[in-house]
1. Quickly run through the range 166-177 and pick out the residues that are without any contact (Cβ under 8 Å) to a residue 60 or more places away in the chain and open to solvent by 10 Å² or more (accessible area, probe 1.4 Å).
2. For residues in the range 61-109 being of a type in the set (Lys, Arg) and farther than 25 Å from TRP161 by Cβ, which is most open to solvent (accessible area, probe 1.4 Å)?
3. Go through SER141, SER154, SER126 for me and flag whichever is of a type in the set (Ser, Thr, Tyr), surrounded by fewer than 23 Cβ atoms within 10 Å (Cβ to Cβ) and closer than 21 Å to ILE192 by Cα.
4. Pick out the one residue from LEU214, LEU254 that is modelled with pLDDT of 95 or more, part of a helix (DSSP H, G or I) and open to solvent by 10 Å² or more (accessible area, probe 1.4 Å).
5. Inside the range 257-278, can you point out the residues that are outside any helix (DSSP H, G or I) and closer than 13 Å to GLY216 by Cα?
6. Are there any strands (runs of 3 or more DSSP E) wholly within the range 66-181 with 2 or more residues that are touching a Gly at 6+ places or on another chain (Cβ under 9 Å), and if so which?
7. Kindly indicate the residue of the range 10-60 that is in a strand (DSSP E or B) and within 13 Å of the chain's Cα centre (by Cα) and also surrounded by the fewest Cβ atoms within 10 Å (Cβ to Cβ) among those meeting that condition.
Amino acid sequence: MTRIGSSSLDVLPLSFGGNVFGWTADRDESFAILDAFTAGGGDFIDTADVYSAWAPGNSGGESELIIGEWLASRRPENVVVATKVSQHPAFSGLSGTNVRAAAEASLQRLGVETIDLYYAHFDDASVPLDETVAAFGALVSDGLVRYTAVSNYSADRIREWIRIADELGVPRPVAVQPHYNLVHRNDVEDHIVPVAEEFELGLVPYSALASGFLTGKYRSTDAAGDGSPRAAGAAKYATAQGLEIIDALEGVGLSHGISIAATALAWLRAQPTVVAPIASASRVAQVADLLDSARVDLTDAELAQIDSVSAWTPTGA
């Protein structure tokens, strides 16, 4: 188990990404996935109020609704649910009134009295930051949220949020969610990790498998030709150096009896301040593979081997 920053939340070092619920996984498959995840020791679920508004026929909130129905049906103990605000079509931005309204809507969809971890999904420069910070603080003091966090914020804006929180006397955020993986690491390691270390923030990286590239499935730029956005997003990493990373992951994984994907996640959770990488699956059969990553500790030599071929930031990432 690992603790999320300065909070009292202890979780398995893997967060299940709920963006697939109501999109590539329907209600029944989502229930089965969550059952398998928790049966395997998983206890940290990540979602957002906007998931999955982009899918045909959806309007946002579908993932939260499915998670809420599953929570009501299964009544699991000690499961931590994180969600986010700012991108839902009906609750856009981070004004004080919107933050409150969006949180209340998320609570209703999730069917819970308190959100364990509530993120500002994307920075909103149109709203004074002190207004947003005060709104998040009020959610905590009023019992709607246990802990606050930020996602996709720059290091400077995280520092500013913390400064304002201290001035207002409201709780600081306990976590930050950046885009971080083996093929997208320099910016996070240069700027976000130092802030996280200074203020005891837990990193919960998203896109931990680089749109599927770090599963080893896409080993050619030709994969982009299959027409799917996911394949196109993954195939752009299939450079000579990207493929060297896959080869290194494969070799290290074989020594532990785990997959390329599980090895990539195990590398990520071994990085400074990382609490739990976020990864998702659209089928039950994929869940055990993800859970492997939370139970295998790579050696210093193995981490160094992977580091030696991955210290880069690809163009356009």
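1. Within the range 166-177, ASP166, GLU167, LEU168, GLY169, VAL170, PRO171 qualify.
2. Here the answer is ARG75.
3. Values: SER141 fails: closer than 21 Å to ILE192 by Cα; SER126 fails: closer than 21 Å to ILE192 by Cα.
Unique residue meeting the criteria: SER154.
4. LEU254
5. Residues satisfying the conditions are ILE258, SER259.
6. By residue number, 80-85, 145-151, 175-177.
7. Initially, the range 10-60 is screened for residues in a strand (DSSP E or B), giving 10-11, 15-17, 21, 25, 44-46.
With the extra rule that they be within 13 Å of the chain's Cα centre (by Cα), the set shrinks to 15-17, 44-46.
Working: SER15: 29, PHE16: 27, GLY17: 22, PHE44: 27, ILE45: 27, ASP46: 26.
Of everything passing the filter in the range 10-60, GLY17 is surrounded by the fewest Cβ atoms within 10 Å (Cβ to Cβ).
The values are calculated or read from the model by the stated rules, or taken from the named source; none is laboratory data. Predicted model, so just to flag it, every value in this text is computed and none were measured. Cβ: placed from backbone, ideal geometry, glycine included. Neighbour counts: every protein chain shown. Ligands, DNA and RNA are stripped out before the accessible areas are found, and what is left, the full protein with its side chains, is counted by its heavy atoms. Shrake-Rupley method; radii C 1.70, N 1.55, O 1.52, S 1.80 Å.
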